[in-house]
1. Do you know the relative contact order of the chain, to the nearest whole percent, from alpha carbon pairs under 8 angstrom that are 6+ apart?
2. With the cut-off at 1.5 for a/c, could you classify segment 9-132 from its C-alpha gyration tensor as rounded, prolate or oblate?
3. Specify whether the C-alpha gyration tensor of segment 111-150 places it in the rounded, prolate or oblate class, a ≥ b ≥ c being the square roots of the eigenvalues: rounded for a/c under 1.5, otherwise prolate if a/b is larger than b/c and oblate if not.
4. Within 10 Å of each candidate Cβ there may be at most 15 other Cβ atoms; applying that plus a DSSP loop requirement, which trypsin sites (Lys or Arg not before Pro) in segment 90-146 survive?
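What follows draws every value from the coordinates through simple rules; no lab data is involved. As the structure is a computational prediction, the values presented were derived from the model and not from experiment. As a convention, Cβ positions derive from the backbone with ideal geometry for all residues, glycine included, and neighbour counts pool all protein chains shown.
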Amino acid sequence: MLKNTGTNSESFMDKRLHYEPLVESLTNAFRNRLKSVVLFGSQARSKKVLQRDHDIFVVLEDLPKNPLQRLKEIRKPVMYVPLRINFIAKTPEEVESNLTPLLLEICVDGLCLFGESYFESYRKRGLRALKQSGLKRNRMGREWYWQFEKFPKKEWELTWDGFRELE
C-alpha cells in the first residue's frame with residue numbers, strides 16, 4: 001500500500017496504480033523478509049509518472065553481502081515488470097547503522113509503496129535529525145546537495161538519534 005506523505009492525492013493514486021505490479025512481485029518473492037519499498041528521486045518529487053528511470057529503495061532481511069549477488073536477487077522477481085528500475089537495497093541493520101545523505105533524501109521525498117510502519121519510523125527520526133542540524137537541501141542544475149544554514153563551529157555528526165557537535 002502506497003503511503004501518501006503530503007503529495008497531491010490524485011497524482012498519488014496514479015502512482016500507486018503504476019507501481020502495484022512492482023510491489024506485488026517483490027512481496028510475492030520475499031514475503032516476510034521484505035520490510036519496505038520506497039520510491040525516491042525525481043519520480044517521487046514529480047506530480048505525475050515521468051518517462052524516466054524509477055529509483056526504488058528496498059529494505060530486505062538476509063541480503064547477500066556481495067553487491068552483484070544482492071542486485072541479482074532483487075532484480076530476478078521483477079524482471080518482467082515494464083519499468084526501468086534502479087534499485088538500492090539495504091538490510092535493516094545497514095539502515096539502522098548509518099543515516100546517509102541518500103537516506104535523508106529518501107526521508108524527505110520518498111513515497112512509501114510498502115511497509116509504511118517500518119519506513120515512517122525512520123522518516124520521522126530522519127526529519128527530526130535534519131531539523132536539529134539546520135541542514136537545507138539546495139539544487140544546483142540537476143543535482144541536489146545538503147548545506148548548513150549556519151555551519152557548525154565544531155566537528156559534528158548526524159545520526160538517526162539526531163544532530164550533535166562533537167567535543
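1. Computed value for the chain: 24 percent relative contact order.
2. Oblate is the answer for segment 9-132, as a/c is 1.5 or above yet b/c matches or exceeds a/b.
3. The shape class here is oblate.
4. Filter output for segment 90-146: ARG142.
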